[in-house]
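The values are calculated or read from the model by the stated rules, or taken from the named source; none is laboratory data. Since the model is a prediction, treat every value here as computed from it, not as a measurement. Counting neighbours? That spans all protein chains shown, and the Cβs are built from the backbone with ideal geometry, glycine included.
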């Protein structure tokens, strides 16, 4: 079959690899209906050292089950399934607590002999814990929205949940990528009435307004901080959802959060150390939270709104490429000519 | 009157200063009954640059109201009062939210023309918001326990509250100073059944056991982390209360916290940057919280247990010096021959 590999910064290719097969009785083989390129895929796209054998790519996909191991009971051949960006057993204490990204027997795509979603098919380990079957045809217009439940919608929601967004909290969202926009949608869904979106790409921030942003701040850095403070009587907002991952976004978050508030990060940090001392977080009793979203935990919660058509998170997809042209999708997202790119095998 | 000033590292003196007077109609003058030396006073004791005019010292005291400005209504001359370590108006939004350390009109002792508690008397601004009168004589044996409500008990409690300690959370407390021990007491009070105290001074950790610690780990660093992991099936604890403030304590906290857990800091950080990236906090969905305790917020909650004699947080005081000998108190705490020193004007 054909699958996407990255061989170094900027070097994405579709290559032939063996078809995935059932290896464990808990595996399922899923034919990919739609995958996509993630903002976090752009981090290695910018900085990956050359690697002759490459890394398989893609951690978001919906597909159709083609085959299941003998112990799989919750999905069967022909089911359309959503695949969260981590696989997990669904039964350990972490899974039961809703932290499937720390599952005792789980793991991530593109590692330890498990392939990636930007491919024709994928072997899904622990299929009972990982996959969620949905009563939808693969030709359904709901597919893009269902695909956001693999990662970006769950990730935006995770940011908001970890920050305890509610009708009494004012919110700033940093970043107008798919995760930032879906953090806006999530904050709105959790009842926030004031949502300030920091981003400077009008097409994106317009979608942010449609998703619930009440204010848009295009300025960055100190100017952006001053603008948010102006909008909030000088105080900043109770909650900041940081959906970028670079240090300037972190600094912006510290600058716009209200005393006693919460910075919730879901952009994968591209730094290890950051200011957390008296002058940044401690003195003002700021809480720092977030991490990789246990997307699996949120699918049941978010799915009904998608199936009912009440929300349309799939609007973050503004283009589609065939698998053969996946490199064009990376390029478009890197150059910001696309917000988020669907990949069709 | 006599008051304590620090003139540089290790240089603590009691000097003559003018008696405090009512300057604002919201002021009260409080004659100090007992003050004390704080672990956080040891930070400048170690590192303060020489300063000819010195800094006044002390932020914990109970006393008797001697005089009040004409607008003060909640306390009167003769009342015994507890003074939290920040003064606050009690009416602004931050105060109403229980974050008096961020009061819009408040401040801290030893700054902006307000003196410190290691003195014969103090001008207390915003007396109605700041002071809590208690029906106790100044000769009462309850005085040391009441004094802990100025700071160390409220601070230990703040750590536990910000981490949402409850009967389902396992807890590690890092530090066997007064705050650490009272974090143990607080965690116990909030229902925690497993409390691991990391400290190596047996006299202190014995008091920690009396306050509710179920395990004591004397080892530090990697060895201490391994020991806590051993005690918790390899996982670490849901909550870590960090009551030291130095980087090795932070690193220890990261090492012993369970995936998805909370590190709550109340030791004043002696660093600004710290690891918070994928390898430390983010990848495991660790929350970092804490800050200066709004001690005022917790006095009403914690006072009944103290007045009823159900708890005795005052046990953290193991020596007393007259004000004239306050330098001996600093020395004893610095050399760890005393856990916490009462100062009697």
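Structure above, values below:
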| quantity | calculated |
| --- | --- |
| Residue check, residue A:310 surrounded by fewer than 24 Cβ atoms within 10 Å (Cβ to Cβ) and in a helix (DSSP H, G or I) | no |
| Criterion violated by residue A:46 - all others in (1) surrounded by 15 or more Cβ atoms within 10 Å (Cβ to Cβ); (2) not in a loop (DSSP other than H, G, I, E, B) satisfied | (1) |
| Subset tally (residues that are crowded, with 19+ Cβ neighbours inside 10 Å and free of Cβ contacts under 8 Å to residues at least 60 places away in the same chain) for the range A:313-329 | 1 |
| Any chance residue A:66 is surrounded by fewer than 17 Cβ atoms within 10 Å (Cβ to Cβ) and either without any contact (Cβ under 8 Å) to a residue 12 or more places away in the chain or at positive phi (or both) | no |
| Hits in the range A:203-232 - residues which are within 21 Å of the chain's Cα centre (by Cα) and free of Cβ contacts under 8 Å to residues at least 24 places away in the same chain | A:206, A:209 |
| Count - residues of the range B:257-272 that are touching a helix residue (DSSP H, G or I) at 6+ places or on another chain (Cβ under 6 Å) and more than 11 Å from chain A (Cβ to nearest Cβ) | 0 |
| Any hit, the range A:273-295, residues being modelled with pLDDT of 95 or more, assigned to a helix (DSSP H, G or I) and either more than 8 Å from every other protein chain (Cβ to nearest Cβ) or closer than 16 Å to residue A:182 by Cα (or both) | yes |
| Residue that is surrounded by the most Cβ atoms within 10 Å (Cβ to Cβ) [pool: residues in the range B:257-273 that are touching a residue at least 24 places away in the same chain (Cβ under 8 Å) and over 30 Å from residue A:103 (Cα atoms)] | B:266 |
| Residue selected from the range A:330-341 under the condition under 17 Å from residue A:203 (Cβ atoms) and in contact (Cβ under 8 Å) with a residue 12 or more places away in the chain, by the criterion surrounded by the fewest Cβ atoms within 10 Å (Cβ to Cβ) | A:336 |
| Conditions (1) farther than 20 Å from residue A:149 by Cβ; (2) surrounded by fewer than 17 Cβ atoms within 10 Å (Cβ to Cβ); (3) touching a residue at least 60 places away in the same chain (Cβ under 8 Å); number of the one not met by residue A:98 | (1) |
| The lone exception for residue A:302 - which of (1) part of a helix (DSSP H, G or I); (2) over 28 Å from residue B:293 (Cα atoms); (3) without any contact (Cβ under 8 Å) to a residue 60 or more places away in the chain; (4) in contact with a helix residue (DSSP H, G or I) (Cβ under 7 Å, 6 or more places away or on another chain) it fails | (3) |
| Tally of residues being in contact with a strand residue (DSSP E or B) (Cβ under 7 Å, 6 or more places away or on another chain) and more than 14 Å from chain A (Cβ to nearest Cβ) across the range B:153-174 | 6 |
| Residues of the range B:233-256 satisfying the condition of being touching a residue at least 60 places away in the same chain (Cβ under 8 Å) and within 12 Å of another protein chain (Cβ to nearest Cβ) | B:236, B:238, B:242, B:245, B:253 |
| Residues of the range A:67-77 satisfying the condition of being more than 21 Å from residue A:108 (Cα to Cα) and touching a strand residue (DSSP E or B) at 6+ places or on another chain (Cβ under 7 Å) | A:76, A:77 |
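Quick grid of which residues meet (1) within 25 Å of the chain's Cα centre (by Cα); (2) more than 20 Å from residue B:280 (Cβ to Cβ); (3) outside the structural domain of residue A:197 (by TED's automatic domain parsing):
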{"site": "A:234", "(1), (2), (3)": "no, yes, no"}
{"site": "A:250", "(1), (2), (3)": "yes, no, no"}
{"site": "A:259", "(1), (2), (3)": "no, yes, no"}
{"site": "A:269", "(1), (2), (3)": "yes, no, no"}
{"site": "A:272", "(1), (2), (3)": "yes, no, no"}
{"site": "A:278", "(1), (2), (3)": "no, no, no"}
{"site": "A:281", "(1), (2), (3)": "no, no, no"}
